[in-house]
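For reference, the structure discussed in these notes is given below.
The values are calculated or read from the model by the stated rules, or taken from the named source; none is laboratory data. Quantities reported herein were computed from a predicted structural model and do not represent experimental measurements. No Cβ is skipped: glycine too gets one built from the backbone with ideal geometry, and neighbour counts run over all protein chains shown.
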């Protein structure tokens, strides 16, 4: 990427970047010299230099009664950015206070296909501490095809899993490995509760997948997640 293009990402427009670079390369120089070097016409140069002086990136000097302009050291750019960063940090609490006054809408992400289901299931690896799961074998087996080490990665991230799962042979296989796989499993009647979808609840998220429909949805909403956690715990505590 060209230097002037980089500088435009740090608060300078294209002409300001070109003028600053021209001054940096020329050393003390006149308006005419800067105009020729930067390719910016003289009519604009005066205004641009005034702006760069305000930003403390150019200073004015004189030699034999001739006005010259000198670029500040490149390190001044870093100081300028640091000052802006410090200023932003100082008002961040006020900005957050304003943001908290607004009504936040839930974020909803929709995915399709086998890979979409995998992406939704694997998102539980972003959990801070714990995942609450209404489990479905089909969904999780599909995710394991894409990433056979999904369980190991959860364990490595120290994410505890509490899982309610229908009474099927594979459910009992999972339950036997609870201690070694940082998990606790409770089993319910498959006749009464044959879960057709999988639901993961963690952080401020609810992740749902439907294997038959090949769809997955992630909802980000703290109130909804809190309610779903209460529903899960109500179910969990009622299972003997």
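The sole residue among 89, 84 that is farther than 30 Å from residue 34 by Cβ, outside the structural domain of residue 143 (by TED's automatic domain parsing) and assigned to a helix (DSSP H, G or I) is 89. Checking the stated criteria, residue 123 turns out not to satisfy the condition of being touching a strand residue (DSSP E or B) at 6+ places or on another chain (Cβ under 6 Å), closer than 21 Å to residue 235 by Cα and modelled with pLDDT of 90 or more.
Total residues in the range 14-47 satisfying the condition of being in contact with a strand residue (DSSP E or B) (Cβ under 9 Å, 6 or more places away or on another chain) and exposed (fewer than 14 other Cβ atoms within 10 Å of the Cβ): the figure is 2.
Against the test of being under 21 Å from the mean Cα position of the chain (by Cα), surrounded by fewer than 15 Cβ atoms within 10 Å (Cβ to Cβ) and not in a helix (DSSP H, G or I), the options 206, 108, 201 yield a single qualifying residue, 108. Which condition breaks for residue 28 when tested against (1) over 41 Å from the mean Cα position of the chain (by Cα); (2) farther than 24 Å from residue 78 by Cβ; (3) modelled with pLDDT of 85 or more? Evaluating residue 28 over (1) over 41 Å from the mean Cα position of the chain (by Cα); (2) farther than 24 Å from residue 78 by Cβ; (3) modelled with pLDDT of 85 or more leaves (2) as the failure. Candidates 133, 129: the one that is under 26 Å from residue 236 (Cα atoms) and over 21 Å from the mean Cα position of the chain (by Cα) is 133. Consider the range 158-194 and keep the residues that are out of contact with any strand residue (DSSP E or B) (no Cβ under 9 Å at 6 or more places or on another chain) and closer than 20 Å to residue 121 by Cβ. The one that is surrounded by the most Cβ atoms within 10 Å (Cβ to Cβ) is 170.
The set of residues in the range 155-190 being out of contact with any helix residue (DSSP H, G or I) (no Cβ under 6 Å at 6 or more places or on another chain), under 22 Å from residue 210 (Cβ atoms) and assigned to a helix (DSSP H, G or I) consists of 171, 174.
Hey, any hits in the range 118-141 for a residue that's outside any loop (DSSP other than H, G, I, E, B) and without any contact (Cβ under 8 Å) to a residue 24 or more places away in the chain? So far as the range 118-141 goes, yes, one or more of its residues are outside any loop (DSSP other than H, G, I, E, B) and without any contact (Cβ under 8 Å) to a residue 24 or more places away in the chain.
Among the residues of the range 6-58, the one identified as on the phi > 0 side of the Ramachandran plot, touching a residue at least 40 places away in the same chain (Cβ under 8 Å) and touching a helix residue (DSSP H, G or I) at 6+ places or on another chain (Cβ under 9 Å) is 11. Answer yes if at least one residue in the range 224-231 is touching a helix residue (DSSP H, G or I) at 6+ places or on another chain (Cβ under 9 Å) and within 16 Å of residue 127 (Cβ to Cβ), and no otherwise. There is no residue in the range 224-231 that is touching a helix residue (DSSP H, G or I) at 6+ places or on another chain (Cβ under 9 Å) and within 16 Å of residue 127 (Cβ to Cβ). Filtering the range 107-118 to residues that are over 9 Å from residue 218 (Cα atoms) and out of contact with any helix residue (DSSP H, G or I) (no Cβ under 9 Å at 6 or more places or on another chain) leaves 112, 113, 116.
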